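Engineer: Have a look at this one before I ask anything.
Values in this text are rule-based calculations from the coordinates and carry no lab data. This one's a predicted model, so the numbers in the text were calculated from it and none came from an experiment. Glycine also receives a Cβ, built like all others from the backbone with ideal geometry; neighbour counts cover every protein chain displayed.
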Amino acid sequence: MNLASGNAFKALFAFFGLVALCGLALGDVVINEVELSPPDNGTVWVELYNPGTDAVDLSSWTVKIEDKPWAGLIALSGTIGPGQFYVAEGQPSWVTSGNGTVYLLNGEGIVTDKTPEVSDKGQSDFTYGRFPDGRKTDTRADFFFMMGSKGRPNRI
């Protein structure tokens, strides 16, 4: 390999590395906590968390709660800053079985995060949440059944 092609290769490698890093920043927002069986006939909710270093515009993003055969969509708006939480509330009329999977879809309709199927039939203050906040290994072990902490850091 000559010097010119070596430099071109390095430049190309650096370019694709930068593109990959920029792509990751768009997917930093995660589903951090879900309440599918709220106490006192409350409203279901989903908490998002941004573990990244940049604010993310949530305009045209959607949360989908799927409790087959039922599914509910929550349209998002505004921005979520780095290290911040965002709570998306379902409709008061929604009644779920307490089982379900929650999906986070970006403005292009692409699933950027999802929970495993969770089961919470107790109508208690307990929820499924990530610990620590933002942990994303894409395994069931990311989520714990814990005391709810809507809009605040999760604790076990």
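Engineer: What is the spin-label model distance, in nm, from residue 84 to residue 70 if the labels are put 7 Å beyond Cα along the C-beta direction?
Structural biologist: Between residue 84 and residue 70, the simple spin-label model gives 3.2 nm.
Engineer: In addition: Rank-order 141-150, 97-106 by packing density, defined as the average count of other C-beta atoms within 10 Å over each peptide's residues, highest first.
Structural biologist: Averaged packing, sorted descending, gives the order 97-106, 141-150.
Engineer: Further, regarding this structure: Summing +1 for each Lys or Arg and -1 for each Asp or Glu, what net charge is found among the other residues whose Cβ lies under 10 Å from the Cβ of residue 51?
Structural biologist: Net of charged neighbours comes to +1.
Engineer: Along the principal axes of its C-alpha atoms, what lengths does the range 29-147 span, in descending order and rounded to whole Å?
Structural biologist: Each principal axis gives a Cα extent; for the range 29-147 these are 37, 27, 22 Å.
Engineer: Continuing with this model, one more query. Where does each of 87-96, 41-50 land if you order them by average Cβ count within 10 Å, highest first?
Structural biologist: 41-50, 87-96
Engineer: Compute the FRET efficiency between residue 55 and residue 125 as 1/(1 + (r/R0)^6), taking r as their Cβ-Cβ distance and R0 = 22 Å, and round to the nearest 0.05.
Structural biologist: About 0.15, to the nearest 0.05.
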